[in-house]
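Peer 1: Below is one structure. I have some questions about it.
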Amino acid sequence: MPEGDLSPTQRGMVETWERHTAAEFATKSIDATMATMTAEPVVNHVPVMTGGVGSREVRRFYDKYFVPAHPADTEIVPLSRTVGTKMPGGCPSWASRSHERWSILTGNPPMV
């Protein structure tokens, strides 16, 4: 669906998602990231089974593991986006030009 065909509610969801990812990857602001979520968020990064349930656990996950683990040049590369009536969905890819090895799982190097 072209962005011009989105309802005001759908446009609001897309704007919130873009603020969320900017806070995670560009400004690396935990407060700004959390401000885009519900009062009791649930984050589940399925590929590595990490995340948290509730504001306290999610904040800890972002603060200790997710946000600081990204190389400085990490950027989001959108692959596709689906915007439903209640939530946006998408298939983003994380990209980094550096050859720095990193992982959000302590002690587990990424597969290269």
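No lab work stands behind these numbers, since they all come straight from the coordinates. What you are looking at is a predicted structure, and each value in this text was computed from that prediction instead of being measured. Virtual Cβ from ideal backbone geometry, glycine too; neighbours counted across all protein chains shown.
Peer 1: Output yes when any residue across the range 32-49 is acidic (Asp, Glu) and within 12 Å of the chain's Cα centre (by Cα), and no when none is.
Peer 2: Looking through the range 32-49, none of the residues is acidic (Asp, Glu) and within 12 Å of the chain's Cα centre (by Cα).
The rows are residues; the columns are (1) crowded, with 17+ Cβ neighbours inside 10 Å; (2) not acidic (Asp, Glu).
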position: 18; (1), (2): no, no
position: 24; (1), (2): yes, no
position: 30; (1), (2): yes, yes
position: 44; (1), (2): no, yes
position: 68; (1), (2): no, yes
position: 71; (1), (2): no, yes
position: 78; (1), (2): no, yes
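Peer 1: Every residue in the range 30-55 that is closer than 16 Å to residue 68 by Cα, part of a strand (DSSP E or B) and polar (S, T, N, Q), please.
Peer 2: Within the range 30-55, 50 is the sole residue that qualifies.
Peer 1: Can you name every residue in the range 1-26 that is touching a residue at least 60 places away in the same chain (Cβ under 8 Å) and in contact with a helix residue (DSSP H, G or I) (Cβ under 8 Å, 6 or more places away or on another chain)?
Peer 2: Within the range 1-26, 6, 14 meet the criteria.
Peer 1: Could I ask something else about it? Return the residue satisfying two criteria in turn: it lies in the range 27-62 and is in contact (Cβ under 8 Å) with a residue 24 or more places away in the chain and of a type outside the set (Ser, Thr, Tyr), and of such residues it is nearest to residue 74 (Cα to Cα).
Peer 2: The residue in question is 28.
Peer 1: Does the range 2-29 hold any residues that are over 11 Å from the mean Cα position of the chain (by Cα) and part of a helix (DSSP H, G or I), and which are they?
Peer 2: The answer is 3, 4, 5, 8, 9, 10, 11, 12, 13, 14, 15, 16.
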